[in-house]
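These notes concern the structure reproduced below.
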Amino acid sequence: MNRFLITAILSTVLLAPSLPAEEPAVKPAKGNYAVLIGVGEYDDRAIKPRPTADVDAKAMYDFVIDGKHMGIAPERVALLLSSPDAKRKSEKATKANILKAIRDGIEKTGKDDLLVIGFFGRGAPVGFDKVAFFAADSTVADRSKNAIVGEELSNEMKKLKTQRLLALTDLAFKGFDAGKETLAEPNTYAILSAFYGTVSDNKDADDEEPQQIRDKVIALSYLPGNDPIAVGDQGLFVKSFIDALRGDADKDGYEADGVVTVDELAKYLDKEVTEKARTLGKTTSEKEAVPVVVGAATAHYAISKSPAYAEAAKRRAAFAALVAKGGVGNEIAAEGEKYLDRMPKFKTPQELRKAYQQLADGKLTIDEFGKTREKLIAAMKLPADAAKEFTETMLIGAETIKLKYVKPIDTGTLTAGCLKGLFRRLDEPMPKDIEAKIKDPKTLTDDDQKSLFTQARLALGKREDLDDGKDADLALAAMAQSIEDPYTVYVDKETMKKEESRWRSQYSGIGVHIRRDLARDGLLVVSPIKGSPAYKAGLRAGDLITEVRRELDPDGKPLPEGAPKVISLKGMKTDKAIEIILGKPGTPISVVVEREGEKEPIVYDLQRGRVSLETVLGVKRDDKDEWKFFVDEENKIGYVYLTQFGPQTAGELLRVVNQLVKSDMKGLVLDLRFNPGGALGGALTVSDMFLESGLLLKIKPREGKDERYYDQNDPRLNFNRSKFPMAVLVNGGSASASEIVSQALQDYDRAVVVGERSYGKGSVQTVDPFDRTGGVFKMTTARYFPPLGRNIDKRSTSGKPDDEWGVVPNKGFEVPLTREERQELGEFLLDKEHIKRNASEATKKPPIKDKQLEKALEYLRKEISAKGAAPAKKAG
């Protein structure tokens, strides 16, 4: 399964719109099936017992067969435990029995059934990119053979017929003796991919139809590095999971509606487990234990009945009796069933539900109900001019993509893709007549497209999640996604503000790298950004921001009436906190921080400013936080690490190289590892900087448009080979602009490329403002080819190792890393960027063994020695 798919799913873990209410409240349990595995005792004494595992599996068994909640027939529940339980008719949780039970569950569930899989116990990494779940007869030493390896489970899940999967895992990836074996960090991706067996390993996330994963929900107790917490003889996660499905999570809307949905479960676990972990946890790892519910953005089905179900059922029966008497027409009958079945997400539909309840309870006459309904339906009706504005925006959006996208694409196809995606994202059924019209999109005329957009928008009506231009933002995002190009996206105005630092290396705010500190419940300053308002004011790494004070909103306007001036960040989602802290340059904001060693909180009064991220880094910082760029002082070898290609990267790199040349630099390492790319102009300038003359890049746009050629054209940027030899470091995280630079320098034999094969992104994207919404289209508009014409684009091939794609290190300079080494390197390079509180903290972490950098230095020392320019021996 593609890693980008996991990332995409994780980034939308919680809260998307709820399922259309015409679906039955809870699917009949007749075809549902459960496989519950609790392994608390192991034959291998090298694996420590985990008593909560068996208890959790038994508790889940008792819950799923309870007719008041899920009502799965006991004969359709496979329970596997460390030791037999005669009452519940369990089997021993051996590897063979576990796999057989899972196969049976897959075989005995159909496409409309729910399959529940619960796995509680311990797990361990296998190699550097796999995980294994221990069975009772597994051993640590031979776990790749006798434990449930993720790939084995994934192969079984590929046979799944049901679109509804609810998998929950509470696995501790510790508590075993591996002897002298070196273990990698547990791999979350590998756990998730074990359950997403339907997704091909060779495709990008955006190549997959969302239906393949939309009703699969995977709930992980915690990320693998955290410590599980017990409450009595049960695990906190499973206890909270059962409490949620019993009815504690039935809270959406103005009252419990009698069912617990995936949305409600995800919200409950996120809040309940996180809060209890913070309270009950004894270590930082326990306090920061946060559950992860993957799939809640696309799956919205009801899982179980809550205590309110009986009352809701009586009301539905009363309404059905009214319908049977002929008291209401067919339209009202269908609509009433829909509204009484499930709690609507929005306020006006909730009011209509109340009216139906009053009608069913006899508190409203049919005439009274009719008048109330008429008013509410009118309130949900979208004005014609709003639908017209939406339609115009969509037509302009489709035309924009048609004119600029790298491949020919007609607006009819974009219209159909947009409407499919929009209704799917809102989880609303598409009207049958629209569905019929878009079956052959290439036949749609301009008038057809215009009519379809208007019809679709009117059908969706007036609702809170589509107010204030959100309808256009959602639809344009769906339109871009329908192209199935992961590099072509639409980004709305608000998201663009948050993503600006990643896209442009600049943003407006106070200038801090932050993360949520769950143990202390605040925003932890990982590092101030050099030169930013926060840096100048004295904020330090390790400060905890607990409160924000303001007199104006982020745009510098007076706060709306009732808006708080003092905002506590305790319990607040990180995205929301960032939204408050970001703002227009020059606007005031105060942050309250707790600092280690200080008895009282410190208040910093700041002016937001334009913050530029550092993209040109050296070996280490001096006591003034300036970079030192010589990695080998004796041999005068410089080192520059480019984190990305931003607007100021080329200019800053030129300044640094000039400075190094003046300091008698004899060789240079240019580190582009984990550099995702950035501005094309920056990549060309950097390439130009080190080459004398010749072609730098060929840009091949869509058919019918002229190719563009970029040559070396600035003689002032001429640090050629006669000045100093070079080595360029790349790896699988080097993409786009990084590949342009490294391949150009390799093609002209200006530098040797050292490390691992690069990512393989051989396409060019442009970022075009879309004035009607304030958002932007980031769109693939061309492919590029380096000087010797090599194919860089992995997506244009099968992606196999023997295919031509990416930048390949020079022969003899390939230095492959294990997954663990690569992860350690990535963390080291990321941490390097951060400004430490003091010199002692900067030296706390020992330097890593960087085999790729050592290979580059070895080459440069030989080159320097051959020229007789400096001693060849290694610096001490």
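The values are calculated or read from the model by the stated rules, or taken from the named source; none is laboratory data. Not measured: the values here are computed from a predicted model. Using ideal geometry, Cβ is built from the backbone for each residue, glycine included, and neighbour counts are taken over all protein chains shown. These area figures cover heavy atoms from the full protein model, side chains too; ligands, DNA and RNA do not enter into them. Shrake-Rupley method; radii C 1.70, N 1.55, O 1.52, S 1.80 Å.
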For the stretch 97-132: of the residues being open to solvent by 70 Å² or more (accessible area, probe 1.4 Å) and in a helix (DSSP H, G or I), which is nearest to ILE47 (Cα to Cα)? LYS100
Report yes if GLU854 is at pLDDT 85 or above, open to solvent by 90 Å² or more (accessible area, probe 1.4 Å) and more than 30 Å from ILE514 (Cα to Cα), otherwise no. no
Residues of the stretch 454-465 being open to solvent by less than 50 Å² (accessible area, probe 1.4 Å) and in contact (Cβ under 8 Å) with a residue 40 or more places away in the chain, in sequence order, are THR454, ARG457, LEU460, GLY461, ARG463, ASP465
Quick check on the stretch 15-30: of everything there that is under 19 Å from LEU245 (Cβ atoms) and surrounded by 15 or more Cβ atoms within 10 Å (Cβ to Cβ), which residue is modelled with the highest pLDDT? ALA29
Can you find a residue in the stretch 55-75 that is surrounded by 23 or more Cβ atoms within 10 Å (Cβ to Cβ), basic (Lys, Arg) and outside any loop (DSSP other than H, G, I, E, B)? no
Scan the stretch 656-675 for residues that are in contact (Cβ under 8 Å) with a residue 60 or more places away in the chain, open to solvent by less than 10 Å² (accessible area, probe 1.4 Å) and in a helix (DSSP H, G or I) and report the count. 1
From (1) in contact with a Gly (Cβ under 9 Å, 6 or more places away or on another chain); (2) part of a helix (DSSP H, G or I); (3) modelled with pLDDT under 95, pick out the condition that doesn't hold for ALA333. (1)
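Is it true that some residue in the stretch 39-54 is open to solvent by 10 Å² or more (accessible area, probe 1.4 Å) and assigned to a helix (DSSP H, G or I)?
Keep residues of the stretch 39-54 that are open to solvent by 10 Å² or more (accessible area, probe 1.4 Å), which gives 41, 43-46, 48-52, 54.
From what's left, assigned to a helix (DSSP H, G or I): 52, 54.
Yes, that holds for at least one residue.
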Tell me whether the stretch 792-802 contains one or more residues that are over 23 Å from the mean Cα position of the chain (by Cα) and within 26 Å of MET689 (Cβ to Cβ). yes
State the number of residues belonging to the stretch 857-876 that are surrounded by 17 or more Cβ atoms within 10 Å (Cβ to Cβ) and at pLDDT below 70. 1
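Residue under question is ALA277, and the condition is that it be assigned to a helix (DSSP H, G or I), free of Cβ contacts under 8 Å to residues at least 40 places away in the same chain and touching a helix residue (DSSP H, G or I) at 6+ places or on another chain (Cβ under 7 Å); does it hold? Please lay out each step first, then the result.
Details: assigned to a helix (DSSP H, G or I): yes; free of Cβ contacts under 8 Å to residues at least 40 places away in the same chain: no; touching a helix residue (DSSP H, G or I) at 6+ places or on another chain (Cβ under 7 Å): yes.
No: the conditions fail for ALA277.
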So which residues in the stretch 804-841 are at pLDDT below 85 and surrounded by 18 or more Cβ atoms within 10 Å (Cβ to Cβ)? LYS836
Would you confirm whether any residue within the stretch 464-474 is within 13 Å of MET394 (Cβ to Cβ) and under 21 Å from the mean Cα position of the chain (by Cα)? yes
Might you let me know whether the stretch 676-695 holds any residue that is modelled with pLDDT of 85 or more, in a strand (DSSP E or B) and surrounded by fewer than 21 Cβ atoms within 10 Å (Cβ to Cβ)? yes
How about the stretch 558-570: which of its residues are surrounded by 12 or more Cβ atoms within 10 Å (Cβ to Cβ) and touching a residue at least 12 places away in the same chain (Cβ under 8 Å)? ILE567, SER568, LEU569
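Condition check ((1) of a type outside the set (S, T, N, Q); (2) open to solvent by 10 Å² or more (accessible area, probe 1.4 Å); (3) outside any strand (DSSP E or B)) across all residues:
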residue: GLY704; (1), (2), (3): yes, yes, yes
residue: ASN718; (1), (2), (3): no, yes, yes
residue: VAL754; (1), (2), (3): yes, no, no
residue: ASP768; (1), (2), (3): yes, yes, no
residue: ARG790; (1), (2), (3): yes, yes, yes
residue: PRO801; (1), (2), (3): yes, yes, yes
Scan the stretch 740-747 and give yes if some residue there is assigned to a loop (DSSP other than H, G, I, E, B), surrounded by fewer than 21 Cβ atoms within 10 Å (Cβ to Cβ) and of a type in the set (D, E, K, R), otherwise no. no
Selected residue (criterion: nearest to the chain's Cα centre (by Cα)) from residues of the stretch 254-277 that are open to solvent by 50 Å² or more (accessible area, probe 1.4 Å) and within 25 Å of ILE229 (Cβ to Cβ): LYS267
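Among the candidates LEU160, LEU153, LEU114, which residue alone is within 27 Å of ALA299 (Cβ to Cβ), at pLDDT below 90 and among the hydrophobic types (A, V, I, L, M, F, W, C)?
Numbers: LEU153 fails: at pLDDT below 90; LEU114 fails: at pLDDT below 90.
Only one candidate qualifies: LEU160.
Could you tell me which residue of the stretch 225-253 is nearest to HIS69 (Cα to Cα), considering only residues that are in a helix (DSSP H, G or I) and open to solvent by 50 Å² or more (accessible area, probe 1.4 Å)? Walk me through it before giving the result.
As a first pass, look at the stretch 225-253 and keep what is in a helix (DSSP H, G or I): 236-248.
Right, trim to open to solvent by 50 Å² or more (accessible area, probe 1.4 Å) and you get 239, 246, 248.
Working: LYS239: 15, ARG246: 6, ASP248: 12 Å.
Only one residue fits best here, namely ARG246.
On the given criteria, is LEU653 in a helix (DSSP H, G or I) and either modelled with pLDDT of 95 or more or in contact with a Phe, Trp or Tyr (Cβ under 6 Å, 6 or more places away or on another chain) (or both)? Steps first, answer last, please.
Working: in a helix (DSSP H, G or I): yes; either modelled with pLDDT of 95 or more or in contact with a Phe, Trp or Tyr (Cβ under 6 Å, 6 or more places away or on another chain) (or both): yes.
Taking the combined requirement at face value, the residue satisfies it.
Answer with yes or no whether GLN648 is under 24 Å from VAL525 (Cα atoms), of a type outside the set (Lys, Arg), surrounded by 15 or more Cβ atoms within 10 Å (Cβ to Cβ) and in contact (Cβ under 8 Å) with a residue 60 or more places away in the chain.
Values: under 24 Å from VAL525 (Cα atoms): no; of a type outside the set (Lys, Arg): yes; surrounded by 15 or more Cβ atoms within 10 Å (Cβ to Cβ): yes; in contact (Cβ under 8 Å) with a residue 60 or more places away in the chain: yes.
No.
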Just checking, does the stretch 514-529 include any residue being in contact with a Leu (Cβ under 6 Å, 6 or more places away or on another chain), under 25 Å from VAL273 (Cα atoms) and open to solvent by 60 Å² or more (accessible area, probe 1.4 Å)? yes
